[in-house]
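Novice: What follows is a single structure, and I will ask about it in a moment.
The values are calculated or read from the model by the stated rules, or taken from the named source; none is laboratory data. Since this is a predicted model, take the numbers as computed values, not measurements. Here the Cβ positions follow ideal geometry from the backbone for every residue, glycine too, while neighbour counts run over all protein chains shown. Surface areas here come from the heavy atoms of the whole protein model, side chains and all, with no ligands, DNA or RNA. Shrake-Rupley method; radii C 1.70, N 1.55, O 1.52, S 1.80 Å.
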Amino acid sequence: MASVDHSVRLATRTYERLEAEAQRRHRAVDEVADELLGERLPDAPPDLRRVRQALDQLARLRARTGGGVDAVTLVREGRDELDRQISPAE
C-alpha cells in the first residue's frame, strides 16, 4: 500500500497509549496508527463514476415520465435509485 508522510499532533497520553499498543503488537507505531485510524474513519464518498451513472438513470426516468410526475415524486425516485447505486451489495 502506498503511503505519504504526514505529521499529526497527539496528546502525550494518546501517543503513549499508541506506542504501547504498537509494542504489544510488535509493529511500528505508524503502522498501528494507520490501522486504528482506518478502522474508525468513515469510508470515502462514492466514486464519481457511480454518481454519474445514477444521475444518468435519473435523467432517463425524467425523460420517460414526460413531465407527468410531480417534482417531489421524481426526486424521491431518483434518491431511491441513487441509494441503490451507492449502497453496498448485500
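Novice: Please verify whether Glu21 is open to solvent by less than 60 Å² (accessible area, probe 1.4 Å), more than 30 Å from Ile86 (Cβ to Cβ) and at pLDDT 90 or above, treating the condition exactly as stated.
Specialist: Criteria met by Glu21.
The rows are residues; the columns are (1) without any contact (Cβ under 8 Å) to a residue 12 or more places away in the chain; (2) assigned to a helix (DSSP H, G or I).
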{"position": "Arg9", "(1), (2)": "yes, no"}
{"position": "Thr14", "(1), (2)": "yes, yes"}
{"position": "Arg27", "(1), (2)": "yes, no"}
{"position": "Asp34", "(1), (2)": "no, yes"}
{"position": "Asp56", "(1), (2)": "yes, yes"}
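Novice: To continue, here is another question. Residues of segment 1-18 being among the hydroxyl-bearing types (Ser, Thr, Tyr), loosely packed, with under 10 Cβ neighbours inside 10 Å and more than 25 Å from the chain's Cα centre (by Cα), which ones?
Specialist: Listed by number, the list holds a single entry, Thr12.
Novice: Looking at the structure I just gave you, is Leu48 over 23 Å from Ser3 (Cβ atoms), of a type in the set (A, V, I, L, M), open to solvent by 70 Å² or more (accessible area, probe 1.4 Å) and at pLDDT below 80?
Specialist: yes
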